[in-house]
Amino acid sequence: MTDLATDRTVSFLNEKFGDAILGQETQYDFHVVTVMPSHLIDILKELYSNPEFSYQYLTTLAGIHYPLDQKMAVMYQLHSLTSNQRLRIKIYISDDQPTAPSITSIFKAANWLERETYDFYGIVFEGHPDLRRILNVDDMIFFPMRKEFPLEDQTREDKEDEMFGR
Amino acid sequence: MNLVTETFKNTNPTLPGEENYSTLNLGPTHPATHGIFQNVMTMDGERIVRSEPTIGYIHRAFEKIAERRPYYQITPLTDRLNYCSAPINNIGWHMTVEKLIQADIPKRIQYLRVILMELARVTDHLICNSVLAVDTGALTGFIYLFEYRELAYEIYEEVCGARLTTNMGRIGGFERDFTPAAWSKLEKFLKGFPIALKEFEKLIMRNRIFMDRTIGVGEITAKDALNYSFSGPNLRATGVDYDVRVMNPYSSYQDFDFKIPVGENGDTYDRFMVRQREMWESLSIIRQAIDKLPEGPFHATIPKHYLPPKEEVYNNMEALIYHFKIVMGESDVPKGEVYHCVEGANGELGFYLISDGGRTPYRLQFRRPCFIYYQAYPEMIKGSTISDAILTMSSMNVIAGELDA
């Protein structure tokens, strides 16, 4: 995995994009950078085309719901196959009518991943060529991975669910 | 919260001459797709003009279920992703949790895991390749190799008691050491399988009909493959030597000497050849692991996460407490985000896990290689015939369980 000590990516992003970088942390063997949603495309394009980094491989993309903060996050995980560095980029958006920029213009692989994230979290990716549900049925009217849909049957009255509930 | 969804329409443009084209449904339950997924193809005579994959027929909401399961109960869910090589998924998940709790895993366990993961890779590749041969009309080789899949499953049975959905091992190691029967079955497999594989290669590899059917079929360039985030044999067939086992070694893969086979053209034949050569490399890794296998325990010393022996539970109070806490899923885990990836049979199988310190994951995402590379399929088969489209799908090794999660 990434050699965190020598990785210049975070300092480069701070120099180049300054205000658009909202936070950074280290989680196990990853640098995690939180950026402003409006600058996401610029940052990914720069990381893609800059020969020093060339993050040209999108490993994965996932939505996360934080109902207590009324927020959603989208996580993008990049991999540079030339220098074998990995990087995680996050954006935070409101969980009421969430929208995020689509990165399908940079990575074709993001197409289905964004459709899946839309399908389960309802995040609308602006600029996506074909944003439809992918794994669930088309006429479903809710987004099942959101935290307001617990798995256990909520009508049960025979037991207190504190021990097992989230 | 506003839950009204907008309806998004299919934005595929209408093609000129559309009224002369016919629509063909390949699937959802077609024997040639080897799984439940559908392709709606627009055909101009024999040629495919456009194809629209519809997936999700066996979606089982594993990511949602995982948000309510204690960590050790998520292993059976991973079985059902790529069910042709379940041990890789199981062990990949165990390693993710071990990374989260920063457990120290003894060498012997790492080597045993390598043996099982490579065995799983062999069984997965042999199914893919022999079924590809069946799809071209060569049934014999399939029968030759399937006998050895059976023998490999008997090894799983000795190790964990199950065959297909293995639920193999525990967080921190294995529930028991390999039995003498497991070792002798492994030896039997390693003795017999190379002979069968040689015979299979003699039948298929330079077979004129097979070569004519597969060379130049379903090509994809390295650039496109990378942009589509291909991984595993499908990426290596295009000439990119990306293998997680070498780039980010896990479970002591750096101790073994093996090659990464790469192809050149990224066509069906290259994918076949890459898998074929990988099987030989896997056999060599298994042999090296058996030869170098160190002595030691079969599980790590992590009493908070690894069940104590039953004898202890009845006679020792600490063991009883740990037993109870583990079974109830109340073992403490640190807060954090961890991503761990292993080289699955189809490519980079990743587990992105967010823990908030609770008994279950806050969020768990499986990076399923099938799901990511299958989206390139319409582009790969555009302009080809139906029979070639079948071979392309077969050689990509699309497993419905992994596709739909």
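All of the numbers you see were taken from the coordinates with simple rules; none came from a lab. Remember, it's a predicted structure, so these values are computed and weren't measured experimentally. A quick note on method: Cβ atoms are made from the backbone with ideal geometry, for glycine too, and the neighbour counts reach across all protein chains shown.
Brief remarks on what is shown
- Other protein chain C-beta atoms within 10 Å of residue C-beta, averaged over A:139-146: 3.
- The mean number of Cβ atoms from other chains found within 10 Å of a Cβ in peptide A:91-99 is 1, as a whole number.
- Packing-based exposure ordering (other Cβ within 10 Å, fewest first) of A:Leu58, A:Leu151, B:Leu226: A:Leu151, B:Leu226, A:Leu58
- Cα-based shape type of segment B:82-180, given that a ≥ b ≥ c are square roots of the gyration tensor eigenvalues and the cut on a/c is 1.5: prolate
- Chain B shape via C-alpha gyration tensor axes, a/c threshold 1.5: oblate
- The local environment of A:Glu46, defined by Cβ-Cβ distances under 12 Å, has a net charge of -1 under the rule Lys, Arg +1 and Asp, Glu -1.
- Order of B:Trp280, A:Trp112, B:Trp93, B:Trp183 under a 10 Å beta carbon neighbour criterion, fewest first: B:Trp183, B:Trp280, A:Trp112, B:Trp93
- Each of the peptides A:22-35, A:121-134 was scored by the mean count of other Cβ atoms within 10 Å over its residues; in descending order, highest first, they stand as A:121-134, A:22-35.
- Calculated mean residue ellipticity, 222 nm, chain B: -14500 deg cm²/dmol, from DSSP H runs (n ≥ 4) at -39500 (n - 2.57) each, averaged per residue and rounded to 500.
- The mean number of Cβ atoms from other chains found within 10 Å of a Cβ in peptide A:82-89 is 1, as a whole number.
- Ellipticity at 222 nm from helices only: DSSP H runs of n ≥ 4 in chain A, each -39500 (n - 2.57), divided by the residue count, give -5500 deg cm²/dmol.
- Mean separation of Cα contacts under 8 Å (6+ apart) over length of segment A:68-118, as relative contact order %: 29
- Shape of chain A from the C-alpha gyration tensor: prolate (a/c of 1.5 or more and a/b above b/c, with a ≥ b ≥ c the square roots of its eigenvalues).
- 9 Å beta-carbon shell around A:Gln70, net charge (K/R +1, D/E -1): -2
- Sorting B:Phe324, B:Phe210 by the number of Cβ atoms found within 10 Å of their own Cβ, with the fewest placed first, yields B:Phe324, B:Phe210.
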